[in-house]
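Reading through the structure tokens given below for one structure.
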Amino acid sequence: MKADGVFPTIGSKYDQLTGLYNRESFYREAALLLGARYDVDYCIVCMDISCFKIINDLFHMDTGNLILKTAAEYIKTLLNPRTSISCRSDADHFILCVPTEELQIEKIISDLDKKMQSLHISHNILFFAGIYSVDKRDLPIDQMCDRAGMALKRIKGSYLTRYAYYDAKMRDQMIEELLISGNLETALLEHQFTIFLQPIFDPHKNVVISAEALVRWFHPIHGMVSPGKFIPVCERNGFIVRLDRFVWEEACRVQRKRLDEGKKVVPISVNLSRLNFYSLDLPDFLSLLLAKYDLEPWMLKLEVTESAYTDNQLQLLDMISTFKSLGFSVLMDDFGSGYSSLNMLKDMPLDTIKVDMAFIRELEKSERVAVILKFVVELAEALGMGVVIEGVETKKQCDYVASLGDVAIQGYYFSRPLPIPDYEKLLDKYPL
Ligand code: C2E
Ligand code: CA
Ligand code: CA
């Protein structure tokens, strides 16, 4: 059933609730319109409402219907019936076909905001729009709508950006994302994933004090796929939970092998993507992993980023406290990159701050960054926490950072992330 609880009348051209065209007749009419007005540039605009489902759940269905009808009434007054058409395609989705010259998207969005505010519903109702400037007239209308829909999907829920135009890059990204998604399962089964280890140094004693495990994907045809490409896809489709667990196990395997060979071991830190915190068995999983490889908790450190804090603070606090009671160290990754780094620091029992790479990149360009870095090191010291500075690439950066106090350094200056055998060689070279 539709969001409004009404089925369109079979055979009708119109959506019963709003009186706009329904999807099928819109496709037909839009094709006719674009065919008849070949000399005019057109846009297809897909619009929908943030959290419409929640609004329907929270309030009575009548409220949802009122929102849709109000939006449709506005759309009717907005469009010139000789040049433009519109429909409600389904649920809270509206599609417009409008001459480019007549499209004032910012005005439409701000007018809709005002209309929604005038309904006095105690929920922020925001419209988002994706726009396809019709550059290929022979494309079927449903594909034009898909393109506008792709642009919409990019920005939905972003709050800062309420509309976006489709460009060819989006299509490439979408195709790439689909390809990546379709290959993940096989990649895991066929051992295409592996870990690299990036050593972390104490610049004062010149020793390796720990390492970070970073996942790598070697695709048999495409070669190495960058984590920057596939990690965000895994985070969107949930695969990251399995991938992270694989990485943790690989890290444990390295530690066990070295212990068996009587070699020195330093802690390996692993990334815990925010989705992991929805699995309540996470602490049990980690404990069992340690037991399976007969390791002590200090041998595995846990890196958590601020996005996990933004999601669900109480659950995260609970989880981190459990990790601590199990003997794990917990690091705050990418400190300073998000909106609430200081809040997270205030609320969570963390052991170490990893300062985001952006700071070191700006160091030479900005006096203020140098001051902030100094302050962060002092802050960590005052809180009894460790500090790792990420992204140190030059001697100059290293010298400055080392002058700030008791810091650890992770960056290309000392070492890039290494395949396991190279990491082991490097570790064997340095004294403890
Ligand atoms: P991150 O956790 O902040 O990891 C550090 C990233 O900085 C790594 O990129 C590392 O190669 C890079 N890096 C280290 N030193 C330098 C330097 O001096 N200069 C520059 N330019 N880069 C440096 P990588 O391996 O490409 O990973 C990128 C991100 O992907 C990671 O950022 C992390 O957020 C994510 N990631 C990587 N492996 C995993 C994983 O196993 N699980 C999860 N959830 N995320 C992972
Ligand atoms: Ca990390
Ligand atoms: Ca980081």
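Bear in mind these aren't lab numbers, they're just calculated from the coordinates by the rules spelled out. Just so we're clear, the structure is a prediction, and the values are computed from it rather than from any experiment. Cβ atoms come from the backbone with ideal geometry, glycine included; neighbour counts cover every protein chain shown.
Its residue count N sets the reference 2.2 N^0.38 Å, and the alpha-carbon radius of gyration of region 242-375 equals 1.15 times that reference.
Taking the alpha-carbon centroid of each part, what is the distance from region 187-212 to region 98-120 in angstrom? One Cα centre to the other: 51 Å. Of all GluC sites (Glu not before Pro) in region 237-316, which ones are in loop regions per DSSP and have a Cβ with at most 14 other Cβ atoms within 10 Å? Of the GluC sites (Glu not before Pro), the ones in loops of region 237-316 whose Cβ has at most 14 other Cβ atoms within 10 Å are E261.
Here the gap between D142 and D41, fully extended at 0.36 nm per residue and compared with their Cα-Cα distance, gives a gain of 34.6 nm. The order of H123, H93, going from fewest to most other C-beta atoms within 10 Å of their C-beta, is H123, H93. With 25 Å as the limit on Cα-Cα distance, the pairs of K53/K169; K115/K169; K69/K153 that go past it are K53/K169; K115/K169.
Starting from the Cα gyration tensor of region 1-125, take the square roots of the eigenvalues, sort them a ≥ b ≥ c, and report rounded, prolate or oblate (rounded when a/c is under 1.5, otherwise prolate if a/b is larger than b/c, else oblate). It is oblate, given that a/c is not under 1.5 and a/b is not larger than b/c. Computed over region 200-255, relative contact order equals 21 percent, with contacts defined as Cα pairs under 8 Å that lie 6+ residues apart.
Distance from the Cα centroid of region 394-408 to that of region 229-273 is 28 Å (rounded to whole angstrom).
Note on the chain: antiparallel DSSP beta bridges, both residues inside, total approximately 55 percent of the bridges counted.
Computed from Cα atoms alone, the Kirkwood hydrodynamic radius reported for region 196-253 is 13.2 Å. All Cα-Cα separations within region 60-150 were binned at 5 Å from zero, giving a P(r) of 3, 11, 23, 24, 19, 11, 6, 2, 1, each value a whole percent of the pairs. Across all Cα pairs in region 124-220, the calculated P(r) in 10 Å bins from zero up to the longest distance comes to 13, 25, 20, 22, 14, 5, 1 percent per bin. Once the chain from T63 to Y412 is taken as fully extended at 0.36 nm per residue, the excess over their C-alpha distance is 120.0 nm.
For the chain, the spherically averaged projection of the C-alpha convex hull amounts to 26.0 nm². Exposure proxy for I372, I389, I125, I95: other Cβ atoms within 10 Å of each Cβ, ordered fewest to most, give I372, I125, I95, I389.
When you filter the trypsin sites (Lys or Arg not before Pro) in region 328-405 for DSSP loop state and at most 14 other Cβ atoms inside 10 Å of their Cβ, you are left with K365. Model label sites at N80 and E176, defined 7 Å from Cα along the beta-carbon direction, differ in position by 4.0 nm. Here the dipole of region 8-55 is about 160 debye; that uses its Cα centre as origin and unit charges on the Cβ of Lys and Arg (positive) and Asp and Glu (negative). Evaluating 6.51 cos²θ - 1.76 cosθ + 1.60 at θ = phi - 60° for every residue in region 134-144, the Karplus couplings come out as 5, 9, 10, 5, 8, 5, x, 4, 4, 6, 4 Hz, glycine and proline recorded as x. Rg/Rh for region 176-274 stands at 1.03; both radii use Cα atoms, and Rh follows the Kirkwood definition. Here the 3J(HN,Hα) profile of region 45-59, calculated from phi with Karplus coefficients 6.51, -1.76 and 1.60 at θ = phi - 60°, is 10, 9, 10, 8, 10, 5, 6, 4, 5, 5, 4, 5, 6, 6, 9 Hz, Gly and Pro shown as x.
By the count of neighbouring beta-carbon atoms within 10 Å, fewest first, Y400, Y430, Y132, Y21 end up ordered Y430, Y400, Y21, Y132. The residue among H123, Q104, C145 whose Cα reaches farthest toward the positive pole of the charge dipole of region 88-149, with charges on the beta-carbon of Lys, Arg, Asp and Glu, is H123.
Give me the Kirkwood hydrodynamic radius of region 228-310, using the inverse of the mean 1/r over all pairs of distinct Cα atoms, in Å to one decimal.
Taking the inverse mean of 1/r over all distinct Cα pairs, region 228-310 comes out at 13.6 Å.
A quarter of the convex hull surface defined by the alpha-carbon atoms of region 314-428 gives 8.6 nm² as the mean projection. Straight Cα distances below 24 angstrom link K257 to the lysines K292, K301, K425, K429, with same-chain residues fewer than 8 positions distant left out. Between helix 105-117 and the chain there is an angle of about 90 degrees, using the helix long axis and the longest principal axis of the Cα atoms.
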